[in-house]
1. Among the residues of the stretch 409-431, which ones are crowded, with 20+ Cβ neighbours inside 10 Å, assigned to a helix (DSSP H, G or I) and not polar (S, T, N, Q)?
2. Could you please give the count of residues in the stretch 332-348 that are more than 14 Å from Asp394 (Cα to Cα), touching a residue at least 12 places away in the same chain (Cβ under 8 Å) and surrounded by fewer than 20 Cβ atoms within 10 Å (Cβ to Cβ)?
3. Are any of the residues in the stretch 63-79 modelled with pLDDT of 90 or more, more than 25 Å from Thr296 (Cβ to Cβ) and outside the structural domain of Ile237 (by TED's automatic domain parsing)?
4. Condition test on Ile440, is it part of a loop (DSSP other than H, G, I, E, B), closer than 20 Å to Val463 by Cβ and of a type in the set (A, V, I, L, M)?
5. Quick check on this structure: which one of Phe399, Phe387 is of a type outside the set (Asp, Glu), closer than 30 Å to Pro339 by Cα and within 20 Å of the chain's Cα centre (by Cα)?
6. Considering only residues that are over 17 Å from Leu61 (Cα atoms) and assigned to a helix (DSSP H, G or I), look in the stretch 104-118 and name the one that is modelled with the highest pLDDT.
7. Looking only at the stretch 42-77, which residues are more than 18 Å from Leu130 (Cα to Cα), assigned to a loop (DSSP other than H, G, I, E, B) and of a type in the set (A, V, I, L, M)?
8. Looking at (1) surrounded by 21 or more Cβ atoms within 10 Å (Cβ to Cβ); (2) among the small types (Gly, Ala, Ser); (3) out of contact with any His (no Cβ under 7 Å at 6 or more places or on another chain), which is the only condition Ala444 fails?
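The values are calculated or read from the model by the stated rules, or taken from the named source; none is laboratory data. Being a predicted model, the structure only gives us computed values, none of them experimental. All Cβ positions, glycine included, derive from the backbone under ideal geometry; neighbour counts span all protein chains shown.
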Amino acid sequence: MDYSHTESMINLPAHANRHALRGFSLLAKLTDMGVIAALLVIAIALHEMDWNTGYSVAAALSGMLFVTFGEFAGVYRPWRGETSKRQFFQILGVWLQVAALLLLLAYLFKSTANFSRVATGAWLLLVPLLLSGWRAGARTLSERIGTHVGHRRQILLWGSGDVAERLKRTIQHSPWLGLNLHTQVDYPDVDDSAPASSPGPATSVAATKPLAVCGGETLDAQLQRIEALVRAGEVEIVYIALPSGGQARDHANRLIERLADSAASVFLVPDFFTSDLAHGTWSNLHGIPLLSVYDTPFWGVDGWLKRAEDIVIASLILLIIALPLLAIALAIKLSSPGPVLFKQRRYGINSRQIRVWKFRSMTVCDDGDRFTQAKRQDPRITPLGAFLRRTSLDELPQFINVLLGDMSIVGPRPHPVAMNEHYRGQIRGYVLRHRVRPGITGWAQVNGWRGETDTVEKITTRVEHDIWYIRNWSIWLDLKIILKTILYGFSHRNAY
């Protein structure tokens, strides 16, 4: 099959799109900070109040806080077809966090009397409206001029038939959705006379029989081509729009399995042949129904709720444990040579590498391409380190990782990079746990699956618990896990 006609649809190379994204994000942040400050100036002027240093601090601090919280909540991500309504509530959620923190600081510093309640109240009410307003205006302008302002998510469409054509037209004729059809791969007419069985989790894709030939290229070659584009980072979202019946379902499953070990979002555009995907969630793209196969639950309002939960809880815990942290650091320094903190490379959200902080509990600080898990009676563990590991006190510095945005309070535990590379090819769906921020504690840990994973069965069970958490996440589930961690999770027979 000749792909030359599809490659001509690429608007920008990958590096140019990244520059466009950064440029749009910077412009949006500067605009937001300007709107926030300007509204405060206007509110004070209209109420004929004198400007003082407190207002200057409030204007600068509120702008920086909104940009910081907004970054974590996804306010500055590409719009991806989000509705204006959902975007407004996303902005409102971030602004409520900023307002609450400003009011708390004013109370703590006993400076509330220095501010006009009427003027600041009007300012607090108007900011989310104006921030949403300029975005709505930019969206309308981009629709009229036929281009999307900023980064456009690169789409790969694999399919044929009416559903695929409708999806293609929607993407091409709706630039305000923030999507660009990077590549379209036409699903070939396949001989369905002999139904093929879908390979199970333990079946090698290479062991299945060759697929039908279309235009001189097998369908296997198509799958390899799509996988290569995803792994090269040229496409961020894959839409699968195959006809119902025949072998299409098996072929879709084969691509889904191939992309389970990637960071791309994958969506089925259903012809209602995927009813067994009980954990899929429905969404739509401008009226076209989509069933997500691999995606994150922390998008939009849920994303900022999760982030607000992390910031509030991590801040409170760090205030409570500040003195114990200093005492443990001093004890480590006096008891054995070496650094107080051990910063290890691990995978965070979207398989990006992060540095996870721990109190050093060993005589070594291994962070190379090979990783040896701690074992019972491990000679590398120091006497103080054994106590810290047994009581999980060595994990306390990770609350700083939470505030930095690398981790969450609750989520799949991050594994060392070398351990990830070892297991990702052995366990189906292993990388799905990287679609959310890793956690200090998680569903697997409070169910007893922590510590050494010396067998594939153990790590598989842990991954299954992590994926269950991602699919069933709620604030209440997080609170339940946190409570179980406090009551039962600090010390465990597998903690050594």
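1. Correct list: Tyr430, Val431.
2. Residues meeting the conditions: 4.
3. yes
4. no
5. Phe399
6. Step by step, filter the stretch 104-118, then rank; the result is Val118.
7. Met49 - this is the single residue of the stretch 42-77 that is more than 18 Å from Leu130 (Cα to Cα), assigned to a loop (DSSP other than H, G, I, E, B) and of a type in the set (A, V, I, L, M).
8. Among (1) surrounded by 21 or more Cβ atoms within 10 Å (Cβ to Cβ); (2) among the small types (Gly, Ala, Ser); (3) out of contact with any His (no Cβ under 7 Å at 6 or more places or on another chain), Ala444 violates only (3).
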